[in-house]
Amino acid sequence: MRKNRSLMRRKALRASVAAALLVAIGLLTPAPASANHLGVFIYSQSSGLVLDVIGARSDEYQGLVVYPQRDSATNQQFDIRDVGGGQGYQIIARHSHKCLTHYGSAVFQATCGVTPTQRWEFVDLKNGCPPGGGCSERVAGYLIRSKWNGRCLDSANPDFPNPPREGARVQLWSSCAETTDDPKWVNQAWRLESGRGHPDPYAEPSALPPLQPDAKALVDQVVQARRAAGCAHPENVRLDPWLSEVARKHSADLAVNYAKLIDAQTEGQKRGHIGSDGSMPSGRVQSAGFEPAQRPENWSYGTNQSYAGAMDLWMNHDEASKWGHKMAITDCRYTVLGVGTANGHKNRVYWTQNFALR
């Protein structure tokens, strides 16, 4: 029953996304605004936040940010209107009836007109997904690109290459991500979902797991290790909240079931990697929607151990690095990182790293 319900949810979510995208590309006409119909929500694919006109104000030139989605917020709802003649689409804020506009790098709402800086196109990013199986909705996405100058809608992001945070300003960026392998993807990939006055719970996006407050420091240590190892582009790795949730759950599993998963096991490559449910690292990574790396997991624990202490163990101690921990950290093909921690008995702190190709 649970499996059937999960399938129903996935089908309903795909149908909702498909309907919103048909509106976006002009194959369906957007329904008129009413109390029983919500507009289109435009989600940042990596963060799960939505486009939001600041303060729900109707002022000319009011800017936009990314913010948690609320069904009642009309300043987060947009209509997509085909300009005609292959000239692109206007993106119209429901609360103000003004159009998404850009000038230089600034993006704001302004009175709709014939200006070319109000015309946008939606570009499929799915060509960067793993071959043979496509991507789940939360992995792939779409660029929203200006028809006037070819620049892309982007979230200002001091934590790059991690996902943008709540309140990040929306801007126009001079270069666009080509695939999901491009690190700029985290700032530029969007999805569109329609809403209703009584939302179908199967069509709602799942809540994004929170990143740790020190997320930037976690990924920076991997970047530093890759730079020292001679990677051509050591910065091409991002800390993903979904993959970090996989790591956090495994750390918590180790903390609770340490006697079975660690203490009772002999030294070997699988010690600490088998979950209490019998799962293996590659399976856990894949089930979260990612393509697992060849070496998909590192784990460690110690009394009051810090992340830096775990990194030192993985990188510099033969008893750890001989199992491939260092190679996983310094392999530049692994562009997606997850980090999770949990506290256990006797002040043990457990750390897990997971790696994915995309």
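The values are calculated or read from the model by the stated rules, or taken from the named source; none is laboratory data. The structure displayed is predicted, hence computed values, not measured ones. All Cβ positions, glycine included, derive from the backbone under ideal geometry; neighbour counts span all protein chains shown.
Have a look at A310, A288, A252 and point out the one that is modelled with pLDDT of 85 or more and buried (at least 18 other Cβ atoms within 10 Å of the Cβ). I'd like the intermediate steps shown before the answer.
Working: A288 fails: modelled with pLDDT of 85 or more; A252 fails: buried (at least 18 other Cβ atoms within 10 Å of the Cβ).
Answer to the check: A310.
Do you know which residues across segment 65-88 are at pLDDT 90 or above and buried (at least 18 other Cβ atoms within 10 Å of the Cβ)?
As a first pass, look at segment 65-88 and keep what is at pLDDT 90 or above: 65-68, 73-78.
Across segment 65-88, the qualifying residues are V65, V66, Y67, A73, N75, Q76, Q77, F78.
Evaluate the following for G302: is it touching a residue at least 40 places away in the same chain (Cβ under 8 Å) and either under 22 Å from A225 (Cβ atoms) or surrounded by fewer than 22 Cβ atoms within 10 Å (Cβ to Cβ) (or both)? Step through it out loud before you land on a result.
Working: touching a residue at least 40 places away in the same chain (Cβ under 8 Å): yes; either under 22 Å from A225 (Cβ atoms) or surrounded by fewer than 22 Cβ atoms within 10 Å (Cβ to Cβ) (or both): yes.
For G302, the condition - touching a residue at least 40 places away in the same chain (Cβ under 8 Å) and either under 22 Å from A225 (Cβ atoms) or surrounded by fewer than 22 Cβ atoms within 10 Å (Cβ to Cβ) (or both) - is met.
Does T341 count as at pLDDT 90 or above, within 20 Å of A259 (Cβ to Cβ) and among the hydroxyl-bearing types (S, T, Y)?
Working: at pLDDT 90 or above: yes; within 20 Å of A259 (Cβ to Cβ): yes; among the hydroxyl-bearing types (S, T, Y): yes.
So T341 passes the test.
Hey, P116 hits all of (1) modelled with pLDDT of 90 or more; (2) within 30 Å of L243 (Cβ to Cβ) but one; which does it fall short on?
Evaluating P116 over (1) modelled with pLDDT of 90 or more; (2) within 30 Å of L243 (Cβ to Cβ) leaves (2) as the failure.
If you check N149, N157, which single one turns out to be exposed (fewer than 14 other Cβ atoms within 10 Å of the Cβ), modelled with pLDDT of 80 or more and not in a strand (DSSP E or B)? If you could, list the steps in order and put the result at the bottom.
Details: N157 fails: exposed (fewer than 14 other Cβ atoms within 10 Å of the Cβ).
Among N149, N157, only N149 is exposed (fewer than 14 other Cβ atoms within 10 Å of the Cβ), modelled with pLDDT of 80 or more and not in a strand (DSSP E or B).
Taking only segment 92-109 into account, find how many residues are without any contact (Cβ under 8 Å) to a residue 60 or more places away in the chain and surrounded by fewer than 19 Cβ atoms within 10 Å (Cβ to Cβ).
First, the residues of segment 92-109 that are without any contact (Cβ under 8 Å) to a residue 60 or more places away in the chain: 92-93, 95-101, 103, 108-109.
Next, only the ones that are surrounded by fewer than 19 Cβ atoms within 10 Å (Cβ to Cβ) stay: 95, 97, 103.
Matching residues across segment 92-109 total 3.
If you go through segment 305-322, how many residues are among the small types (G, A, S) and in contact (Cβ under 8 Å) with a residue 40 or more places away in the chain?
Matching residues across segment 305-322 total 3.
List the pairs whose first member sits in segment 219-231 and is without any contact (Cβ under 8 Å) to a residue 40 or more places away in the chain, whose second member is hydrophobic (A, V, I, L, M, F, W, C) and part of a loop (DSSP other than H, G, I, E, B), and whose Cβ atoms are under 7 Å apart, counting only residues at least 6 apart or on separate chains?
V223/V237
Could you please find all residues in segment 60-78 being closer than 21 Å to L172 by Cβ and touching a residue at least 40 places away in the same chain (Cβ under 8 Å)? Before the answer, list the steps.
We begin by selecting, within segment 60-78, every residue closer than 21 Å to L172 by Cβ; these are 60-67, 75-76, 78.
Matches in segment 60-78: E60, Y61, Q62, G63, L64, V65, V66, Y67.
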